[in-house]
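The values are calculated or read from the model by the stated rules, or taken from the named source; none is laboratory data. Bear in mind the structure is a predicted one, so any value in this text is a computation, not a measurement. A quick note on method: Cβ atoms are made from the backbone with ideal geometry, for glycine too, and the neighbour counts reach across all protein chains shown.
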Amino acid sequence: MSTTTRDKVANFFADFPLRKISKNHVLVQAGDQLPGVIFLISGQVQQYDITDNGEKVVVNIFKPPAFFPMSWAINKTPNQYFYEAASDIQCRIAPPDKTVAFIQNNPDVLFDLLSRVYSGTDGLLRRMAHLMGSSARSRILYELQVQAKRLGQPQADGSILLKATESDIAKQTGLARETISRELAKLRHLVTVNHGGITIKDINLLQDEI
């Protein structure tokens, strides 16, 4: 998103009250009526589903300056997901009709939204391919690559830090946490795991392993 477009989006949502929400708070539950379009100013929000056996499966992670869920706002699609603050967040919530009108009247915002939708769709298709036909190792490597590009924090030594745990990766890949732990132990030449998160030593080497 360009600076001009980002400022335009921020100015639109600035008309609505600022909300501060604590980590782990569920903003919306599956099946509930959404309060409006959520504009994320700081922090991260997880979008997830709960499987029949009670497992949490994360399908998306939003970061600033995302605004969501637009499928519901545009198409009136019933909400089937949970939205939970993955960290302390700040956000603003706008009515869906006003948000859609704003997008329709601003082609640059519409183009940016469309660009992000296509990028996200490509990522989901690749993830599906890995989930359906790849080994646990390949699924983990692919998820680490995706999260590094979207949410990773570059370090001074060239490594990338993910503020994630083995449980987080399990929820994003649909694998058991024990499987994640076992496979990451085999990838010590590529990643290290500690209380601070998961560090990818060299993203290029990791990509070569996929």
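For residues that are in a loop (DSSP other than H, G, I, E, B) and either polar (S, T, N, Q) or closer than 20 Å to Gly120 by Cβ (or both), tally how many sit in the stretch 42-75.
Within the stretch 42-75, the first condition is being in a loop (DSSP other than H, G, I, E, B), and the residues that meet it are 43-44, 51-55, 63-66, 69.
Now drop any that are not either polar (S, T, N, Q) or closer than 20 Å to Gly120 by Cβ (or both), which leaves 43-44, 51, 53, 63-66, 69.
Going through the stretch 42-75 one residue at a time, the tally reaches 9.
Thr192 fulfils the conditions (1) in contact with a Leu (Cβ under 7 Å, 6 or more places away or on another chain); (2) in a strand (DSSP E or B) except for a single criterion, (1).
Identify, from the list Phe16, Phe39, the residue that is farther than 27 Å from Leu144 by Cβ, assigned to a strand (DSSP E or B) and aromatic (Phe, Trp, Tyr).
Phe39
Taking the stated definitions as given, is Gln104 surrounded by 15 or more Cβ atoms within 10 Å (Cβ to Cβ), among the polar types (S, T, N, Q) and out of contact with any Gly (no Cβ under 9 Å at 6 or more places or on another chain)?
no
If you filter the stretch 197-206 down to residues that are under 20 Å from Ser135 (Cβ atoms) and within 22 Å of the chain's Cα centre (by Cα), you find that the one that is surrounded by the fewest Cβ atoms within 10 Å (Cβ to Cβ) is Leu206.
For the stretch 167-196, filtering for residues that are within 22 Å of Ser87 (Cβ to Cβ), of a type in the set (D, E, K, R), surrounded by 19 or more Cβ atoms within 10 Å (Cβ to Cβ) and in contact with a helix residue (DSSP H, G or I) (Cβ under 8 Å, 6 or more places away or on another chain) leaves 0.
Please determine whether any residue of the stretch 94-101 is free of Cβ contacts under 8 Å to residues at least 60 places away in the same chain and buried (at least 18 other Cβ atoms within 10 Å of the Cβ). Scanning the stretch 94-101 turns up no residue that is free of Cβ contacts under 8 Å to residues at least 60 places away in the same chain and buried (at least 18 other Cβ atoms within 10 Å of the Cβ).
Scanning the stretch 45-58 for residues that are surrounded by 15 or more Cβ atoms within 10 Å (Cβ to Cβ) and either β-branched (Val, Ile, Thr) or out of contact with any strand residue (DSSP E or B) (no Cβ under 7 Å at 6 or more places or on another chain) (or both) turns up Val45, Val58.
Residue pairs whose Cβ atoms lie under 8 Å apart, separated by 6 or more positions or on different chains, with the first residue in the stretch 108-123 and part of a helix (DSSP H, G or I) and the second basic (Lys, Arg), are Asp108/Lys8; Val109/Lys8.
Condition first: more than 19 Å from Thr199 (Cα to Cα) and of a type outside the set (Phe, Trp, Tyr). Can you find one or more residues in the stretch 145-157 that meet it? No, the stretch 145-157 contains no residue that is more than 19 Å from Thr199 (Cα to Cα) and of a type outside the set (Phe, Trp, Tyr).
So that you can scan it fast, the table gives a plain yes or no per residue for (1) loosely packed, with under 12 Cβ neighbours inside 10 Å; (2) among the polar types (S, T, N, Q); (3) outside any loop (DSSP other than H, G, I, E, B):
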| position | (1), (2), (3) |
| --- | --- |
| Met1 | no, no, no |
| Thr4 | yes, yes, yes |
| Ala10 | no, no, yes |
| Asp32 | no, no, no |
| Arg92 | no, no, yes |
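Considering every residue within the stretch 47-67, establish whether at least one is touching a residue at least 12 places away in the same chain (Cβ under 8 Å) and either in contact with a Pro (Cβ under 8 Å, 6 or more places away or on another chain) or assigned by TED's automatic domain parsing to the domain that holds Ala170 (or both). Within the stretch 47-67, one or more residues are touching a residue at least 12 places away in the same chain (Cβ under 8 Å) and either in contact with a Pro (Cβ under 8 Å, 6 or more places away or on another chain) or assigned by TED's automatic domain parsing to the domain that holds Ala170 (or both).
Summed over the stretch 107-141, residues that are of a type in the set (Lys, Arg), under 20 Å from the mean Cα position of the chain (by Cα) and surrounded by 15 or more Cβ atoms within 10 Å (Cβ to Cβ) total 2.
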